[in-house]
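Values in this text are rule-based calculations from the coordinates and carry no lab data. Note that this is a predicted model, so its numbers are computed, not measured. Ideal geometry is used to build each Cβ from the backbone, glycine not excepted, and the neighbour counts take in all protein chains shown.
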Amino acid sequence: MKQPIWIPSQKQIDRSQMTKFMKYVNLSRHLSLKNYDDLYSWSIKEIPSFWESLWKFSEVKHSTPYSKVVDDTSKMPGAKWFTGAQLNYAENLLRFKDSKPAIMFKGENQNPRILTYHDLNEEVKKTAYALRNMGVIKGDRVAGFIPNMPEAVIAMLATASIGAIWSSSSPDFGIKGVLDRFAQIEPKVLFAADGYFYNGKRFNSLDKLEGILKALPSIENVVIVPYTRDQADISSIQNGIHYKDFLPAGIVPEINFEQLPFDHPLYIMYSSGTTGLPKSIVHGAGGTLIQHLKELCLHTDLTRDDTIIYFTTCGWMMWNWLVSSLAIGATIVLYDGSPFHPDSGAMWKMTQDLKITVFGTSAKFIASSQSIGEKPKKKYILNKLKTILSTGSPLIEENYDFVYENIKEDVQLSSISGGTDIISCFALGNPILPVYRGELQCRGLGMDVQSFDLDGNSVTNKKGELVCASAFPSMPVYFWNDPDGTKYQQAYFNTYPGVWHHGDYIMINDLGGVKIFGRSDATLNPGGVRIGTSEIYRVVENLPEIADSLVVGQKWGDDERVILFVKLTEDTSLHHEFIRKIKKTIRSECSPRHVPKKVIEIADIPYTINGKKVEIAVKKIIHGEDVPNRDALANPESLQFYQNLPDLQT
């Protein structure tokens, strides 16, 4: 029988907000739920009752009550949530106005900058006033081409207070990548920093900004935030204004939080865009708020006493998720720069110095820390750290071992998974459940997540497709420029009509734990047997000679063969004996079906800016197809290494 790698103490269970919520439900609903399995089962069988209980437990601020929680949970897409309710997302995040730190900002080689909740409210008040003076109204789009810094949060909250729609992109995106996104939504105002820092270098954003503005005629004002210099020359920036000149000088009235329907648009998010023009996904204020409150308060056990960071840019949904922590009253930490500068311990030193209690990162960061032999627990005092969150790609078993052996023994390691599509999670952590190697602890409350086989049957302890069989509040409101909903329908509902098909290859076990094997469209299929790519990565990347790897399927005759690309460590060569060792290890630890037909040395592995391996783009290249949108990649030049490889012709 498998053994957990971490178990919460009874004291932790009793004090958790998950337990408090379960007691609240039992009392208010006259139930006798005894454990998480009971609570989860109730939450997906009695969906309206669950979300109503969460609304009340979370004390969602609203001006007008709802008349109905949901009209039809089987209606996907199109279910209507909390009909009649009027609220404002920003008002919920600015409910605290005291002297407790709201934001701690740490840039590369810079001292932390702290804004209290009082400071944050004042800054949002001034920014909202200035935006209204610029003519921004409900439904307008306001965009950010900006690092992960306080002004990004301030601008977003000011935008949301008006009822305008916020959309942001990381400044390390190329001009085409930004235009592929912002040109679709035609923003009226753009917030941009003069530059950013990464790996000890300063990067100028203004030249790139000029190129962006030439193709964005909708932009009426560009607000330049100082970051890499005191006051940049912005004479070449059309309609540009310095941030200090943009803000009003005198006293301004209190924020007028526009009261809006539950599904009023809050954010426009984007799919990765590595295989086509990014989808512009519109998320509603109410759905985003209540889903994030659930995940942060209950599943992450976040309280006002916590300090939480997620290593992210403003272009990844984890930024939006992190910022919602303000509604809990926690302190959020924003970091701009490389996680390995000035050295591989930079994030752990910051965790120590800022007394971070919840540390969020990508699976790639954990794997990279493991590969370079980082041992944070020997160098830093991490006594305040209670939870580590990981997402972006599957966290393999050996990554769990690394965390507990080299970071902290008594920490809850929560692998979480969802996506931009739902601006939240399908499966995630749980403060009252044990942690098992390689598994996500549970499915999220109210999320009717199942694993379907190809015939649409729900399966347990077998690999299948991640689906959600009932509606949930954080589904996209719609896609931008998709008037008849065709793109929306095709994205999630064509495989299993009326059921959300997410595109992840998973297995749900008897205990409710979830294992993710990779993206469905990257799943290997040799001889008709489906194999998740993470199964191979787990084995291969545990070999000390291999720095990184990527595996794809190549069409070969009437079948598909497995191709493994390996990036080797220094002083390692891919000789015949080493290839035999790789194949033998995969065969013994996985199966004969997993063994690659070809093992090819490659100079680099392509990743998105958010740290996800780009298997589909490589698969297209080796089949002679074009990959037009490369600006979403952190290292687009790496794709050239996969073109016209002789080894793939035989």
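Side notes on the structure shown:
- In segment 455-497 the Cα-Cα distances spread across 5 Å bins starting at 0 as 5, 17, 25, 22, 15, 9, 5, 2, 0 percent of all pairs.
- For segment 422-540, alpha-carbon Rg and Dmax in angstrom: 15.1, 46
- Where the alpha-carbon atoms of segment 523-649 are placed on the principal axes, they occupy 39, 39, 28 Å, in descending order.
- Placing dummy labels 7 Å off each Cα toward the beta-carbon, the span from GLU186 to GLN489 is 2.5 nm.
- Stretching TYR496 away from ASP14 to a fully extended chain increases their span by 169.5 nm, per 0.36 nm per residue minus the current alpha-carbon distance.
- A simple spin-label model places pseudo-atoms 7 Å from Cα toward Cβ; at ILE137 and ASP453 they are separated by 5.7 nm.
- Förster radius 45 Å - calculated FRET efficiency between SER236 and GLU625, Cβ distance, rounded to 0.05: 0.70
- The packing ranking of peptides 145-152, 127-134, highest mean first, is 145-152, 127-134, where packing means the average number of other beta carbon atoms within 10 angstrom of each residue.
- Secondary structure note: in the chain, about 55% of the DSSP beta bridges are antiparallel.
- Normalised by the number of residues in segment 291-439, the mean separation of alpha-carbon contacts (under 8 Å, six or more apart) gives a relative contact order of 24 percent.
- Chain lengthening between ASN481 and ASN111 when straightened (0.36 nm per residue, less Cα-Cα): 128.9 nm
- Nearest-0.05 FRET efficiency for ARG304 and LEU27, computed from C-beta distance (R0 25 Å): 0.60
- With the simple model of a label 7 Å out from the Cα in the direction of the Cβ, MET1 to GLU589 spans 2.8 nm.
- Protection proxy ranking, peptides 505-511, 331-337, average beta carbon neighbours within 10 Å, highest first: 331-337, 505-511
- Calculated FRET value between GLU122 and ASP343, using beta carbons and R₀ = 25 Å, to 0.05: 0.10
- Candidate values (1) 129, 79, 63; (2) 74, 65, 55; (3) 97, 68, 62, label of the one derived for Cα extents along the principal axes in Å: (2)
- Think of the chain as having a plus end and a minus end, set by charges on the Cβ of Lys, Arg, Asp and Glu; of TYR267, HIS575, VAL323, VAL323 sits farthest toward the positive end of this dipole.
- Taking only Cα atoms of segment 188-249, radius of gyration then Dmax in Å: 11.7, 36
- Mean residue ellipticity, 222 nm, helices only, the chain: the sum of -39500 (n - 2.57) across DSSP H runs of n ≥ 4, divided by residue count and rounded to 500, is -8000 deg cm²/dmol.
- Legend: distances between Cα atoms for LYS138/LYS294; LYS34/LYS379; LYS80/LYS176; LYS100/LYS613; LYS408/LYS598; LYS97/LYS378; pairs beyond 31 Å are LYS34/LYS379; LYS80/LYS176; LYS100/LYS613; LYS408/LYS598; LYS97/LYS378.
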